[in-house]
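Before any comments, here is the structure.
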Amino acid sequence: METLTQQTGRSGSPAPSSTAGQRWVMLDCLSNRRAESSATVDGNTMVACRTSTGWPINVSFVFTAAPASSLFYYDWAGVALVVDERFHRPVVIAAHGDSIVLQMMVPQCSTMKRSAIGYSSDVTIDHFLYETGAATGRPPSISMLPACDLPMPFEGGGDPSRGNHRRGMRINDTGVLRHGEDELLIAQLELACDEPSDTADLYVLRVGHEWELKQAVPIVDVNGEGNKGDKTSSRWRGTDAVFPIGDRFLCWVNYNSGFLLCDMATVEGGPKLWRVPLPAEAIIETDDDDDWPRMQQSRSMGAAGHRAVRFVSIDPRCCCGAPGMSTCAQGRFAFTVTTWTLAISTDQPVAMTWVKDNVLDCYDLWVLPSYKGLPRLYLQYPTVSLDNPDIICFVIKDDNFDRYEDWKAWVVEVDMRSKSLLSAIHCSINRSMGSCPLSAKLQW
């Protein structure tokens, strides 16, 4: 099969203004590789630190402009390990500005030996802040963040002094927000376990201080009384992603319900979480847990400038054009892609409305001369460009192979406004198998 190379040029769609020096990257959070085994590591990004148990580690990045993946490398400095590194390697949790939050499961043993089950079960959780230094003109640096020993709600208070039960962070519940050169905030959302889901807890760290727990933060529907009685709140079983909007807001997304918006400028006083439902036609009435992985494959949301969000949904359609999966061979992989935009308002009372932007049919894409050589398959894992929200990146996987080495996948870059294919590049196996990169604006 012919391989498409990077296409030149972009459409005339206007791009929103961006913060000076920040570039859009897609950080490969999980495919961390040992730096000593790769010749591509950028020595200018390498920093050294020690874990809370004293183990030395080097961390580095290879930053590449999106839609290509920026890679994250590490190696244990002068330490020969026999533990299962898949369990202990660091991962990227969140990124914004010049800051990247890392998490690592660190064995608490004096020698890192393999246990009977393949890894040390006695671990502690370390968090690090990697700063590129681009904002200040200094070299990159890394520092250990304070441990968050605040208990989770279902732990019933717990023991705040427990050393090996530190709170872990997840890419779907923790965000970082850089405001200027001197202020950096990390926030983790914990939704209530029981209904009604009208409050949530926020764990907040202002770098340079200790963690704070903001308990029972009220969740307010954007249209007040209008959401009472619907089923939107009952579908909030968790969040799928977190992203910053400008340098003021954090947004926690549930791909079948909507998003929770927090103005972090108010977090010291009386913060609120504004619950914004998805467009009505995008809400799927389902209680089937099997539908949740499909949501993450077919939906995405991202910042569209400093005061707006863009929502993307890939939906199957019948060969006749009607919505829903087709059963015939001709329409087996048929789909549409729809985008909506919502402008953020801080006025009281908050009233925000989704506006449908563009609808792309699969045949709009498949018939393009630039699409030649790519399989006519379902698009997956959409990502909104942080340079131009009219541009969406997708993954195409060709699973029709006999040998593993014949497996192929691509990242394609599509302008939804002009319905044009801008580029297509081969992507890593982790990215195509669901290990989605973290989309962020970084200074590097």
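The values are calculated or read from the model by the stated rules, or taken from the named source; none is laboratory data. Please read these numbers as outputs of a predicted model, since none were measured by experiment. Because the Cβ atoms are built from the backbone with ideal geometry, glycine has one as well, and the counts that use them run over all protein chains shown. Accessible surface areas use protein heavy atoms only, side chains included; no ligands, DNA or RNA. Shrake-Rupley method; radii C 1.70, N 1.55, O 1.52, S 1.80 Å.
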Handout entry: Residue check, Asp415 at pLDDT 95 or above, out of contact with any Lys or Arg (no Cβ under 7 Å at 6 or more places or on another chain), open to solvent by less than 20 Å² (accessible area, probe 1.4 Å) and within 21 Å of Ser313 (Cβ to Cβ)
Key = yes
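Condition test on Phe61, is it at pLDDT below 90, touching a Leu at 6+ places or on another chain (Cβ under 8 Å) and surrounded by 18 or more Cβ atoms within 10 Å (Cβ to Cβ)?
No: the conditions fail for Phe61.
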Completion exercise
Scanning the stretch 35-52 for residues that are touching a strand residue (DSSP E or B) at 6+ places or on another chain (Cβ under 6 Å) and modelled with pLDDT of 85 or more, the one most open to solvent (accessible area, probe 1.4 Å) turns out to be Arg50
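Let's see how each residue does on (1) of a type outside the set (A, V, I, L, M, F, W, C); (2) over 27 Å from Ala304 (Cβ atoms); (3) at pLDDT below 90:
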{"position": "Lys214", "(1), (2), (3)": "yes, yes, no"}
{"position": "Glu225", "(1), (2), (3)": "yes, yes, yes"}
{"position": "Thr239", "(1), (2), (3)": "yes, no, no"}
{"position": "Phe243", "(1), (2), (3)": "no, no, no"}
{"position": "Phe259", "(1), (2), (3)": "no, no, no"}
{"position": "Asp263", "(1), (2), (3)": "yes, no, no"}
{"position": "Arg275", "(1), (2), (3)": "yes, no, no"}
{"position": "Ala280", "(1), (2), (3)": "no, no, yes"}
Exercise for the section: Hey, can you tell me all the residues within the stretch 96-126 that are modelled with pLDDT of 70 or more and either part of a loop (DSSP other than H, G, I, E, B) or open to solvent by less than 10 Å² (accessible area, probe 1.4 Å) (or both)? Expected result: Gly97, Asp98, Ser99, Ile100, Val101, Leu102, Met104, Val106, Pro107, Asp122, Thr124, Asp126
Exercise for the section: Look at Arg206 and say whether it is in a strand (DSSP E or B), among the basic types (Lys, Arg) and open to solvent by less than 30 Å² (accessible area, probe 1.4 Å). Expected result: no
Practice task
Restrict the check to the stretch 362-379 and report whether at least one residue is modelled with pLDDT of 90 or more, in contact with a strand residue (DSSP E or B) (Cβ under 6 Å, 6 or more places away or on another chain) and closer than 30 Å to His306 by Cβ.
Solution key: yes
